[in-house]
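The values are calculated or read from the model by the stated rules, or taken from the named source; none is laboratory data. Because the structure is predicted, anything quoted here is derived from the model rather than measured. Quick reminder, even Gly has a Cβ in these numbers, built from the backbone with ideal geometry, and neighbours come from all protein chains shown.
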């Protein structure tokens with residue numbers, strides 16, 4: 001059973017933001033940044049060592065076994081939180097950077113934030129969310145299929161359009177494992193229009209509706225849908241823009257696909273009111289957890305839940 005601690009201690013976070021000469025060589029080049037701006041995604045160089053990816057596997061197994069360094073003070077209304085009672089489905093667990101120091105140690109590597117800052121062309125990157133994902137090697141498992149969507153729809157209460165995600169597999173991740181698939185250049189599309197359903201997570205929506213939304217938006221922009229499954233070597237990461245359509249297919253390999261989706265926000269991001277048609281406001285899980293700004297808004301810079309990953313001082 002999941003428990004929630006009413007007096008959590010804050011997780012560790014980096015206080016110094018420096019890179020070694022070897023790490024500087026791993027940053028995106030000017031051509032890489034131009035590619036990201038045009039295509040909406042970028043496959044990094046090897047940012048994690050083999051020892052670090054081994055640590056991620058070991059830490060995730062301890063996490064699944066129930067190890068926590070702290071628990072969320074409350075359960076937000078739309079929290080993804082797999083536990084063994086849910087069975088052998090695709091597992092999603094949010095806030096692992098907060099709950100587990102072993103995972104946070106690797107996710108807090110300043111190099112990851114520096115790469116994101118270079119791609120987004122900003123001076124500061126904070127963690128927005130981290131989701132531990134385990135896709136079992138079961139070809140027919142419906143939960144293994146992630147339909148087409150883009151993340152900014154779920155982040156409508158965030159002011160920034162520079163947010164991005166680092167998809168971090170713990171191993172070589174080829175198409176047969178159900179790797180992440182990009183819809184090339186879709187971050188530059190104009191939307192044909194949207195209704196309030198776009199703020200709901202893809203798990204709560206009909207797959208055919210999402211498929212149709214992708215087709216209609218492509219037609220509206222006069223472009224073809226170009227789907228690119230990204231083969232990601234061990235230690236590398238795929239970064240994508242918050243408006244890039246993406247999804248993933250079945251894991252037809254003989255081993256689980258293990259990964260973390262590390263959602264990142266620039267230093268300028270903050271809570272904004274996003275009214276819905278029923279008179280309510282779009283919300284994110286942070287709104288039940290983070291501290292408040294002086295004017296009473298949820299503070300998406302709360303260092304306990306949204307620690308700074310990189311800052312160019």
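A few notes on this one:
- When 222, 193 are screened for being surrounded by fewer than 14 Cβ atoms within 10 Å (Cβ to Cβ), modelled with pLDDT of 95 or more and over 19 Å from the mean Cα position of the chain (by Cα), only 222 passes.
- Residue selected from the range 57-80 under the condition in contact with a strand residue (DSSP E or B) (Cβ under 7 Å, 6 or more places away or on another chain) and crowded, with 16+ Cβ neighbours inside 10 Å, by the criterion farthest from residue 289 (Cα to Cα): 60
- Considered as a group, the residues in the range 135-145 that are outside any loop (DSSP other than H, G, I, E, B) and surrounded by fewer than 20 Cβ atoms within 10 Å (Cβ to Cβ) include one that is farthest from the chain's Cα centre (by Cα), and that residue is 142.
- When 8, 73 are checked against the criterion of being in a loop (DSSP other than H, G, I, E, B) and modelled with pLDDT under 95, a single residue qualifies: 8.
Residues checked against (1) part of a loop (DSSP other than H, G, I, E, B); (2) out of contact with any strand residue (DSSP E or B) (no Cβ under 9 Å at 6 or more places or on another chain); (3) at pLDDT below 95; (4) crowded, with 22+ Cβ neighbours inside 10 Å:
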residue: 132; (1), (2), (3), (4): no, no, no, yes
residue: 171; (1), (2), (3), (4): yes, no, no, no
residue: 210; (1), (2), (3), (4): no, no, yes, no
residue: 214; (1), (2), (3), (4): no, no, yes, no
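- When the range 275-289 is filtered for residues that are surrounded by fewer than 16 Cβ atoms within 10 Å (Cβ to Cβ) and not in a strand (DSSP E or B), the ones remaining, listed by number, are 276, 277, 278, 279, 280.
- Yes/no for residue 78 being farther than 30 Å from residue 37 by Cβ, touching a helix residue (DSSP H, G or I) at 6+ places or on another chain (Cβ under 8 Å), in contact (Cβ under 8 Å) with a residue 24 or more places away in the chain and not in a helix (DSSP H, G or I): yes
- Restricting 118, 126 to residues that are in contact (Cβ under 8 Å) with a residue 40 or more places away in the chain, buried (at least 19 other Cβ atoms within 10 Å of the Cβ) and not in a helix (DSSP H, G or I) narrows the list to 126.
- Filter pass, residue 36 being surrounded by 14 or more Cβ atoms within 10 Å (Cβ to Cβ), in a strand (DSSP E or B) and touching a helix residue (DSSP H, G or I) at 6+ places or on another chain (Cβ under 7 Å): no
- Criterion applied to 142, 174, 169, 136 was being without any contact (Cβ under 8 Å) to a residue 24 or more places away in the chain and more than 23 Å from residue 221 (Cα to Cα), and the one residue passing it is 142.
- Considering residues of the range 236-249 that are modelled with pLDDT of 95 or more and part of a loop (DSSP other than H, G, I, E, B) only, the residue surrounded by the most Cβ atoms within 10 Å (Cβ to Cβ): 245
- Condition met for residue 260 (within 20 Å of residue 90 (Cα to Cα), at pLDDT 90 or above and not in a loop (DSSP other than H, G, I, E, B)): yes
- Extreme residue, surrounded by the fewest Cβ atoms within 10 Å (Cβ to Cβ), among residues of the range 95-114 that are out of contact with any helix residue (DSSP H, G or I) (no Cβ under 6 Å at 6 or more places or on another chain) and outside any helix (DSSP H, G or I): 109
- Failed item, numbered, when residue 117 is tested on (1) within 22 Å of residue 238 (Cα to Cα); (2) in contact with a helix residue (DSSP H, G or I) (Cβ under 7 Å, 6 or more places away or on another chain): (2)
- The range 81-94, subset in a loop (DSSP other than H, G, I, E, B) and without any contact (Cβ under 8 Å) to a residue 60 or more places away in the chain, residue nearest to residue 44 (Cα to Cα): 90
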